[in-house]
1. Answer with yes or no whether Leu31 is at pLDDT 90 or above and either surrounded by fewer than 10 Cβ atoms within 10 Å (Cβ to Cβ) or within 26 Å of Thr69 (Cα to Cα) (or both).
2. Scanning region 1-28 for residues that are modelled with pLDDT under 85 and acidic (Asp, Glu), which turns out nearest to Lys62 (Cα to Cα)?
Amino acid sequence: MRRAAMTSGKRIVCGEHPGESAEDLVFLRDLIEMGALRSVIDRSYPLEEMVEAHRYVDRGHKNGNVVITIA
């Protein structure tokens, strides 16, 4: 993943945990409102298609997060 960041000119942050304090949540909200932090969602699958979602991720073609929706 580091190689992708070096070649694309984009910053990639992973494995970070925002914490649980109200101050941390306010900080994250401010980043989102400024447009400095955004989620990248590649695909969304319903819970019933969890197996297909795993196959998609395992193929290594995803360019963002894969979301499983639970209705």
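1. In short, yes.
2. Within region 1-28, the match that is nearest to Lys62 (Cα to Cα) is Glu16.
The values are calculated or read from the model by the stated rules, or taken from the named source; none is laboratory data. Since the structure is predicted, the reported quantities are computational estimates derived from the model, not experimental observations. Neighbour counts are summed over all protein chains in view; Cβ atoms, including those assigned to glycine, are modelled from backbone coordinates with ideal geometry.
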